[in-house]
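Structure record follows, encoded as structure tokens.
Read-outs: derived from the displayed coordinates by stated rules, not from any lab. Predicted model only: the values in this text are computed from it and were never measured. No Cβ is skipped: glycine too gets one built from the backbone with ideal geometry, and neighbour counts run over all protein chains shown.
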Amino acid sequence: MKKLRMSKATGINFLTYALVIIAFVVLQVMGNQGMLSSTLKGQLVPICAYVVMALSLNLTVGILGELSLGHAGFMSVGAFAGAVANVALSVSVPDTGLRLALSMIIAAIFAAIAGVLIGIPVLRLNGDYLAIVTLAFGEIIKSIINNTYIGMDVDGLHASFVQNTLKLEAGGRMILNGPMGIPGIQKTSTFVAGFVLVMVALVIIFNLVGSRSGRAIMALRDNRIAAESVGINVTKYKMMAFVTSAALAGAAGALFAQGQNTIVASKFDFNTSILILVFVVLGGLGRMWGSIIAAAALTVLPEMLREFADYRMLVYAIVLILVMLITNNPAIKNFFESTMGRIKSGKKAKGGAEA
Amino acid sequence: MLAFLNHVINGISLGSVYAIIALGYTMVYGIAKMLNFAHGDVIMVGAYICFFAVASYGLHPILGVLLAMLVCTILGMVIERLAYKPLRQAPSLAVLITAIGMSYFLQNSAQLMWGTNQKMFPAIFGKTPFSFGGITISVTTVVTIIACVVIMLALTWFTGNTKMGKAMRACSEDKAAAQLMGINVNTTISITFAIGSALAAVAGVLLCSAYPNLVPTTGSMPGIKAFTAAVFGGIGSIPGALLGGVLLGVIEIMAKAYISTQLSDAIVFAVLIIVLLVKPTGLLGKKIREKV
């Protein structure tokens, strides 16, 4: 029985990898054949970034079982760290692919540090209190970045806080300009890079979840007191999941930022955190392939709803409410399940007759 | 010193608005155990209704406020009936997402109906400020603080002495037991939403009297702040909402005046985090004992 369940999980993991690879190949071929509209093409990098965001949040919400309402904060840290690294390294690392990879790693490190700093106080709390503190941290990160000024000249990087007091040497340039954000980013993100990041995120998450540590994390989710009483170190494993999730979100932020012309801190606000949470909940808690599909579909959906013009966000809201009602109301759910069951059993009966 | 007193009074006034909004969050959380993210947008709807009643139809401001309360009460009950009641048994995350969907829905409906242009909320409480001993206080500030005190006293009396208020407290402690005692849980929850939404309408009018720029997203940031205030004071507790709201308002105004305008939000949230670390269930929250 145990062996069977293990193999089922591995099977789902391989199907998830396959799903991503097939989607990548199909989109790449379609792009080369000129079958993708230019708006959809422009969305490929953001879709990859949101997919990684959804995967990483699913690690916190689905696997660790703690609700986070400030995930965009880590994305923000990663986006700004990555974009600054991109500019700062533009001379010493001329190759754009390598520079993107380096900036993602730097972004992941910065986001992981933020994750540790935030995780220490946050993970001591439970339930809704934890959620509100993550929300607060998201807002604090937004405020801090809105008030940070970073410039570069021949002496290297300079930073100041609240007021722009930088005195740059001749030939220096401002990189991060407080509430104005970072303008004129060189677009180095590509769909291939996005695909690689999604695969890396999947490998990290599946290996973590399948490992001894992953089982400890899930044990904490299912029953913290029981897990603690068999000697699982609560803080260590909670931190492990939380910081991994933050680092992945940071890398996704770097990918996202380097696909944009300009980024501002207010882009990564509470609404973005909620958007990503919606991907995770719609895709299913702990279900990675669900997060991938939900993130991709819901990023494209507003574009698809273009024909509704002004009504598209309204339609989006209604779709969201209806999906939640349909999937969670016992009466409606039973109705759907019994209809599906009837269709399935009907098919089986037919198949049996034919055989 | 005078400037300091002025900041304190302004802080209490802003805090009173937060407290009135926080009451809606806290009462709904206490009974339905859900975070009603659409609450901030009900504030916005209330403000718009009052705006149109007063500025376009020339109604008396009092009538405008009453109309806004009526519309918001109905709106709150309809939202509860259509979106939240079918999910009574669902996991809390599903309810949370539905509430967020409802919040988007209200914002976008408002945008379609009333446009994205900023509306200047009329000064419905008059413009001549009071002044005594060098301190000038606007009428809006006085009205806000009085409204908050009156609402607090009325609610404390209501939950303590009326049959419906006792039913609410019973439901928030144990829904199943309350049902066995013959309390109609659905009606009680519905009434809670009605009261919360009516208060949201009042808060919307007061908020827009003090900060007169009205847009479809007016409610979201005060909504988040008030939610923070509710948690700050201990979510589920009515005096907690008052304490949390007022403290948050004073901290915000003080941070703006003495530290930095841009960083005031960060400071407010940082204080919240510190408080939650010391008292994990808020200032007046009950300590929950874990049972194995």
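Report the Rg/Rh value for the range A:118-212, based on alpha-carbon coordinates and the Kirkwood definition of Rh. Rg/Rh: 1.12. In the protein assembly as shown, a dipole from Cβ-located charges (positive for Lys and Arg, negative for Asp and Glu) runs towards its positive end, and of A:Ala294, B:Ser220, B:Leu199 it is A:Ala294 whose Cα lies farthest in that direction. Note that the range A:2-289 shows a convex hull volume over its alpha carbon atoms of 136 Å³ per residue.
Modelled spin-label separation between A:Val91 and A:Leu36, with each label point placed 7 Å from Cα along the Cα-to-Cβ direction: 3.5 nm. Summary of the geometry: the range A:239-315 and the range A:154-211, compared by the centres of their Cα atoms, lie 18 Å apart. Classify the range A:1-146 from the C-alpha gyration tensor, please: rounded if a/c falls under 1.5, else prolate or oblate depending on whether a/b exceeds b/c. Oblate is the answer for the range A:1-146, as a/c is 1.5 or above yet b/c matches or exceeds a/b. Between the range B:197-224 and the range A:51-82, the C-alpha centres lie 30 angstrom from each other. Can you give the angle from 0 to 90° between the axis of helix B:185-210 and the longest principal axis of chain B, with both taken from C-alpha atoms, to the nearest 10? Helix B:185-210 sits at roughly 10 degrees to that axis.
Here the Kirkwood formula, the inverse mean of 1/r across different C-alpha pairs, assigns the range A:10-70 a hydrodynamic radius of 13.6 Å. Panel order for B:Leu70, A:Leu69, by other beta carbons found within 10 Å of each beta carbon, from fewest to most: B:Leu70, A:Leu69.
Quick check on the exposure proxy: order B:Val275, B:Val17 from fewest to most C-beta atoms within 10 angstrom.
Working: B:Val275 17, B:Val17 30.
Fewest-to-most ranking of B:Val275, B:Val17: B:Val275, B:Val17.
Within chain A, the longest run free of exposed loop sites, counting trypsin sites (Lys or Arg not before Pro) that sit outside DSSP helix and strand states (H, G, I, E, B) and have at most 14 other Cβ atoms within 10 Å, spans A:188-355. Placing +1 on the Cβ of every Lys and Arg and -1 on the Cβ of every Asp and Glu, with nothing else charged, gives chain A a dipole about its Cα centre of roughly 1420 debye. In angstrom, the C-alpha Rg and Dmax of the range A:174-234 are 20.1, 54. Scanning chain A for DSSP H helices at least 18 Å long along the axis (C-alpha atoms) with a Kyte-Doolittle mean no lower than 0.5 picks out A:2-32, A:38-58, A:71-88, A:96-122, A:127-146, A:191-210, A:234-257, A:270-283, A:288-304, A:312-328.
Rounded to the nearest 20 debye, the dipole magnitude of the range B:2-278 is 340 debye, with +1 charges on Lys and Arg beta carbons, -1 on Asp and Glu beta carbons, and the Cα centre as origin. The Cα trace of the protein assembly as shown gives Rg and Dmax of 26.0, 97 Å, the first to one decimal, the second as a whole number. Computed from the alpha carbon atoms alone, the convex hull of chain B holds 143 Å³ per residue. For the Cα atoms of chain B, what angle does the longest principal axis make with the long axis of helix B:139-161, in degrees from 0 to 90, nearest 10? Orientation of helix B:139-161: about 20 degrees from the principal axis.
The charge dipole of the range A:1-144, taken about its Cα centre with unit charges on the Cβ atoms of Lys, Arg (+1), Asp and Glu (-1) only, comes to about 500 debye.
Give a quick list of chymotrypsin sites (Phe, Trp or Tyr not before Pro) in the range B:1-77 that DSSP marks as loop, anything other than H, G, I, E or B, with at most 13 other Cβ atoms within 10 Å.
Working: sites: B:Phe4, B:Tyr18, B:Tyr25, B:Tyr29, B:Phe37, B:Tyr48, B:Phe51, B:Phe52, B:Tyr57; in loops: B:Phe37, B:Tyr57.
Qualifying residues, ordered by number: B:Tyr57.
Peptide B:61-72 is shielded by partner chain Cβ atoms: per residue, an average of 0 of them sit within 10 Å of its Cβ. Among B:Leu242, B:Leu14, B:Leu96, the largest mean-square fluctuation in a Gaussian network model of chain B, built with springs joining Cα atoms closer than 10 Å, belongs to B:Leu96.
Think of the protein assembly as shown as having a plus end and a minus end, set by charges on the Cβ of Lys, Arg, Asp and Glu; of B:Gly282, A:Gly231, A:Ala252, A:Gly231 sits farthest toward the positive end of this dipole.
Fewest neighbouring Cβ atoms within 10 Å first, the residues B:Ser264, A:Ser211 line up as A:Ser211, B:Ser264.
Helical content alone sets the calculated 222 nm signal of chain B at -23000 deg cm²/dmol, taking -39,500 (n - 2.57) per DSSP H segment of four or more residues and averaging over every residue.
Provide, in order from the shortest bin, the percent of all Cα-Cα pairs of the range B:146-247 in each 5 Å bin, continuing until the bin that contains the maximum pair distance. Reading upward from the zero bin: 2, 11, 17, 23, 19, 14, 8, 4, 1, 0. Peptide A:311-324 is shielded by partner chain Cβ atoms: per residue, an average of 6 of them sit within 10 Å of its Cβ.
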